[in-house]
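Heads up, the thing below is written out as structure tokens.
Read-outs throughout are calculated quantities, based only on the coordinates presented, and are distinct from any laboratory measurement. Predicted model, so just to flag it, every value in this text is computed and none were measured. We place every Cβ from the backbone using ideal geometry, glycine too, and count neighbours over all the protein chains shown.
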Amino acid sequence: MIKRLVVGNWKMNPVANDSAIELAKDIDGAVAKLNLDNSKVEAVICPPFTEIEEIARISRASIAIGAQDAWPGESGAFTGEVSMGMLAKIDIDYVILGHSERRRYQNETSEVVNQKLKSALKYNITPIVCVGESEKGQHELVTKQLIESVKGLTSEEINKIVIAYEPVWAIGTGDNADGNYVVDVLTNLRTVLNNQGANQPSVPILYGGSVNAKNATEYASRMEINGVLVGGASINAEEFIKIIKAFS
Ligand code: PGA
């Protein structure tokens, strides 16, 4: 059985004093009441770096914590960067890699994603590898991103990662991809993964792009969709909890 994940990507939000801590507490408290079996469904939040350590310390009861990026090297002259080893020191569970906003604004390539992914695995941090096309129907591009991102990984390593399919046209636009479209792409990605050696199909493949409390129920009803990566709706505790409930 493939674990289902509901991951909140807070991006560079929220900005008001203490609101990130309050938001994490609200989500953690509400998830605790759901009594999730974490081997089947897990809720994850990925706050900005400045809040991550405190949130990891105070809200571990029922949610897992992820970072939104990290540098693949161990240490050294990399101004502004944080390494996977540093994240491991504060017990981070997940790290988002290759988000389309980083591909766009930081020119992050799949080759860099591949290096980061290997570094994350070395520190037992589960990478959530994002892939997605800019325009509807560019399926080969998505396949290429996935193949390049997992290059050189053993089948055992591939089975430790999470994939998030996030079409760029659906992110933050309100134009979420319809269930059938997502299922088609995810089915193809699973075949690609299996061809790369992930012969035990335990890798969760998520969908992301304008997921909200309303449309989450449709995604949750499809067994091929192993969870969601949520941006905007994850910084509203009530909305995010509804999405988690849909998958639980
Ligand atoms: P969105 O963002 O839910 O606001 O569309 C998703 C993401 O960027 O991960």
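For region 12-29, check the following and say yes or no: at least one residue is in contact with a helix residue (DSSP H, G or I) (Cβ under 6 Å, 6 or more places away or on another chain) and closer than 15 Å to residue 126 by Cα.
no
Using the structure shown, decide if residue 105 is under 21 Å from residue 227 (Cα atoms), of a type outside the set (Val, Ile, Thr) and out of contact with any His (no Cβ under 7 Å at 6 or more places or on another chain).
Judged against the criteria, residue 105 is not a match.
Which ones in region 98-128 are within 24 Å of residue 159 (Cβ to Cβ), small (Gly, Ala, Ser) and not in a loop (DSSP other than H, G, I, E, B)?
Selection gives 110, 119, 120.
Of the conditions (1) within 23 Å of residue 122 (Cα to Cα); (2) away from the ligand (no atom under 16 Å from the Cβ); (3) of a type in the set (Val, Ile, Thr), residue 55 clears all except one; give me its number.
Of (1) within 23 Å of residue 122 (Cα to Cα); (2) away from the ligand (no atom under 16 Å from the Cβ); (3) of a type in the set (Val, Ile, Thr), only one is false for residue 55: (1).
Within region 89-128, which residues are within 16 Å of the ligand (Cβ to nearest atom), farther than 29 Å from residue 61 by Cβ and either surrounded by fewer than 18 Cβ atoms within 10 Å (Cβ to Cβ) or not β-branched (Val, Ile, Thr) (or both)?
98, 100, 101, 102, 103, 104, 105, 106, 108
Among the residues of region 70-88, is there at least one that is within 16 Å of the ligand (Cβ to nearest atom) and either in a loop (DSSP other than H, G, I, E, B) or in contact (Cβ under 8 Å) with a residue 60 or more places away in the chain (or both)?
no
Are any residues in region 53-69 touching a helix residue (DSSP H, G or I) at 6+ places or on another chain (Cβ under 7 Å) and in a loop (DSSP other than H, G, I, E, B), and if so, which ones?
Correct list: 59, 61, 62, 63, 69.
Restricting to region 4-41, what's the tally of residues that are of a type outside the set (Lys, Arg), surrounded by 14 or more Cβ atoms within 10 Å (Cβ to Cβ) and under 19 Å from the mean Cα position of the chain (by Cα)?
Number satisfying all stated conditions: 16.
Is there any pair linking a residue in region 99-116 that is under 21 Å from residue 8 (Cα atoms) and without any contact (Cβ under 8 Å) to a residue 40 or more places away in the chain to one that is away from the ligand (no atom under 16 Å from the Cβ) and part of a loop (DSSP other than H, G, I, E, B), with Cβ under 7 Å and at least six apart or on different chains, and which?
Between residues of region 99-116 that are under 21 Å from residue 8 (Cα atoms) and without any contact (Cβ under 8 Å) to a residue 40 or more places away in the chain and residues that are away from the ligand (no atom under 16 Å from the Cβ) and part of a loop (DSSP other than H, G, I, E, B), there is no close pair.
Of the residues that sit in region 169-188 and are buried (at least 21 other Cβ atoms within 10 Å of the Cβ) and in contact with a helix residue (DSSP H, G or I) (Cβ under 6 Å, 6 or more places away or on another chain), which one is nearest to residue 10 (Cα to Cα)?
So the residue we want is 176.
Only one residue in 158, 147 is on the phi < 0 side of the Ramachandran plot, within 17 Å of the chain's Cα centre (by Cα) and among the β-branched types (Val, Ile, Thr), so which one is that?
158
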